[in-house]
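The values are calculated or read from the model by the stated rules, or taken from the named source; none is laboratory data. What you are looking at is a predicted structure, and each value in this text was computed from that prediction instead of being measured. Note that each Cβ is placed from the backbone with ideal geometry, even for glycine, and that neighbours are counted across all protein chains shown.
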Amino acid sequence: MELIKPDIGLLFWMILSFSIVLFVLIKYAWKPILKAIKVRERSIAKSLKAAQKAKEEMAKIEFGNEKITALAKLERENILKEAKEAKNQIIEEAKETAKQEAQKILEEARQSVFKEKEEAMHEIKNQIAQLSVGIAEKLLREHLSDGTKQKQLISQIVKNIELN
């Protein structure tokens, strides 16, 4: 219970020691603490002013950025438009070139087919002629194998020659 109800002596010494500590703090610590607080207050005020100035500059820069962004968008649209036109032109040129190449290839194919047809017809005629000569030769050998038949054929040729 002594702690809850202190003695007068204890109370006196507590007040005395508190007063001494308070005096020492006021004499030696209070002025530097107040000075440090004022310095801190000034630096905070200066920082707030700098922040406000930075905010205003950021607003100006943001406005400039909006202009730059708008110009960049316009330029991008122009570039895209030009690229689209160039693409369309290239596609048209490629189509025209492809048409010309296709026509050229078709014409060459037609000429090639015609030439091959002519060569095939010529070759077929040659083969027919060779086969005809071979067949005629075989028939003549078979037909003229007999000596009397040869003599008859020669006399018939001679008669035809005289008539002409």
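Here is how the numbers come out for the structure above:
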{"read-out": "Lys95 vs. criteria in a helix (DSSP H, G or I) and over 37 Å from the mean Cα position of the chain (by Cα)", "value": "no"}
{"read-out": "Test for Lys81: is it more than 27 Å from the chain's Cα centre (by Cα), of a type outside the set (S, T, N, Q) and either outside any helix (DSSP H, G or I) or surrounded by 10 or more Cβ atoms within 10 Å (Cβ to Cβ) (or both)", "value": "no"}
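Every residue, every condition in (1) modelled with pLDDT of 90 or more; (2) part of a helix (DSSP H, G or I); (3) hydroxyl-bearing (Ser, Thr, Tyr), yes or no:
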| site | (1), (2), (3) |
| --- | --- |
| Glu2 | no, no, no |
| Leu10 | no, yes, no |
| Val21 | yes, yes, no |
| Tyr28 | no, yes, yes |
